Amino acid sequence: MNVIHLVSNTMWGGGERYVLDLCNALRADGHSVAVVTRGKKSVDTRFAEAGFKPGRLPLRGSWDIISPIMLARVLNRTGAPVVVHAHNFKDADVALRARKLCRQPGDVRVVMTRHLVKAAKNDRLHNGIYNGLDRMIFVSDAAMREFLSTSPDIDRKKLQVVHNASVTDKGVTPTAKPDGELRLVFAGRISPEKGVEVLLHSLARLTDIPGLKLYIAGEGRGRDVLPLLNLARRLGVDSRVEWLGMLNDVAPLMASADIGVMPSVWKEPFGLVLTEFMSLGVPVVATAGGGPSEIIADGESGLLVPPSDPVALADAIRRLASDAALRKATGEKGRETVAEKFSYSRFYDQILDNYRG
């Protein structure tokens, strides 16, 4: 099978990790895989390190006349059958227009993964995209529910939920930490919806917990990161926070965590980082709503708190920090949950089913 992924985002995040893991799995399974991006270094570098040389197109959506023409040329040179996998509607539109320009459009299947919890738009352009797609995959039940809340014009037989999954090396060696340190780890893109501001306010309420230190792994735009650095200083917690930036391999840090945290203030489409923490046996705290509520059984495989509530978040962190037995129990239950419900093999088989129709 020939598969081409269209990736137009300009920063690395969970959606890009989703594509990279899938590309690796497809290649290992003997399929031909290509990635097309907008040529942004922060994205291309990660694919290149894994042995994929991204092609480049503008990928600017409905006003872009170059990308469909160039993509059609690629599709005409690619052996049939070919699957074009888009990860937003803008790229899906490019893929559908490219298919119309192909010599054998019936040999091209266009699939899209919806990585957001947002209601469908009902304008003519989007309804045309919905009906042109061969399959639309949602990363959680919450994502599909919200999409359908506006009753879009789409054949619901094309829709399927395929819960995300992450590839985690079970042989990860945790990074060393000082004696007496209680390590709290956030891993992800640093942007307003991820709730780092709320997390810093929570940390300021936890000054009585000895050895508690927060590690933040991820990148963000200066306009998002600089205010957080200033906030940490104003709150007096800057000495208890390590800003690590983007790590090439974040798994050792995650494995070293005593507590993993996802303080998002929006509805997370899924929460890939949660399954990564859980697969490593790390107890987690996350905000309820969206995907996390489908992953975590509150009080059993992790703790759920309301979004944008630093008091509730601090209380949940304190609960785990002060109870080693609870950390162990929720960590073990989280590992079991991922193995039973969110294994990568299960995810991969479902994706292949959607590719084949």
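The values are calculated or read from the model by the stated rules, or taken from the named source; none is laboratory data. In this text the structure is predicted, and so the values were computed from the model without any measurement. All Cβ positions, even for glycine, are placed from backbone atoms using ideal geometry, and neighbour counts span all protein chains on display. Note: areas computed on protein heavy atoms with side chains; ligands, DNA, RNA excluded. Shrake-Rupley method; radii C 1.70, N 1.55, O 1.52, S 1.80 Å.
For the range 169-182, indicate whether the set of residues that are touching a strand residue (DSSP E or B) at 6+ places or on another chain (Cβ under 8 Å) and without any contact (Cβ under 8 Å) to a residue 60 or more places away in the chain is non-empty. Walk me through how you get there before you give the answer.
Step one: filter the range 169-182 for residues touching a strand residue (DSSP E or B) at 6+ places or on another chain (Cβ under 8 Å), giving 177, 181-182.
Subset that is without any contact (Cβ under 8 Å) to a residue 60 or more places away in the chain: 181.
Yes: the range 169-182 contains one or more residues that are touching a strand residue (DSSP E or B) at 6+ places or on another chain (Cβ under 8 Å) and without any contact (Cβ under 8 Å) to a residue 60 or more places away in the chain.
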Hey, any hits in the range 129-141 for a residue that's at pLDDT 95 or above, in a strand (DSSP E or B), out of contact with any Pro (no Cβ under 8 Å at 6 or more places or on another chain) and open to solvent by 30 Å² or more (accessible area, probe 1.4 Å)?
-> yes
Could you list, in sequence order, all residues of the range 45-66 that are part of a loop (DSSP other than H, G, I, E, B) and more than 22 Å from the chain's Cα centre (by Cα)?
-> Leu57, Pro58, Asp64, Ile65
Is there a residue being open to solvent by less than 40 Å² (accessible area, probe 1.4 Å), assigned to a loop (DSSP other than H, G, I, E, B) and touching a residue at least 12 places away in the same chain (Cβ under 8 Å) anywhere in the range 312-333?
-> no
Output the number of residues of the range 83-126 satisfying the condition of being more than 25 Å from the chain's Cα centre (by Cα) and either β-branched (Val, Ile, Thr) or not in a helix (DSSP H, G or I) (or both).
-> 7
Mind checking which pairs have a first residue in the range 233-261 that is within 13 Å of Leu212 (Cα to Cα) and a second that is part of a loop (DSSP other than H, G, I, E, B), Cβ under 6 Å, 6 or more apart or different chains?
-> Ala257/Val282; Ile259/Pro283; Gly260/Val282
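Here's the yes/no breakdown for (1) touching a strand residue (DSSP E or B) at 6+ places or on another chain (Cβ under 6 Å); (2) among the basic types (Lys, Arg):
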residue: Arg240; (1), (2): yes, yes
residue: Gly245; (1), (2): no, no
residue: Pro269; (1), (2): no, no
residue: Phe277; (1), (2): yes, no
residue: Val285; (1), (2): yes, no
Please find, among Ser308, Ser264, the residue that is polar (S, T, N, Q), open to solvent by less than 10 Å² (accessible area, probe 1.4 Å), over 20 Å from Ile209 (Cβ atoms) and outside any helix (DSSP H, G or I).
-> Ser264
Kindly indicate whether any position in the range 54-67 is touching a Gly at 6+ places or on another chain (Cβ under 8 Å), closer than 22 Å to Leu352 by Cβ and surrounded by 14 or more Cβ atoms within 10 Å (Cβ to Cβ).
-> no
Pairs, please: C-beta under 8 Å, at least 6 apart or cross-chain, first residue open to solvent by 20 Å² or more (accessible area, probe 1.4 Å) and in the range 199-221, second acidic (Asp, Glu)?
-> Gly211/Glu181; Lys213/Glu181; Lys213/Glu242; Tyr215/Glu242
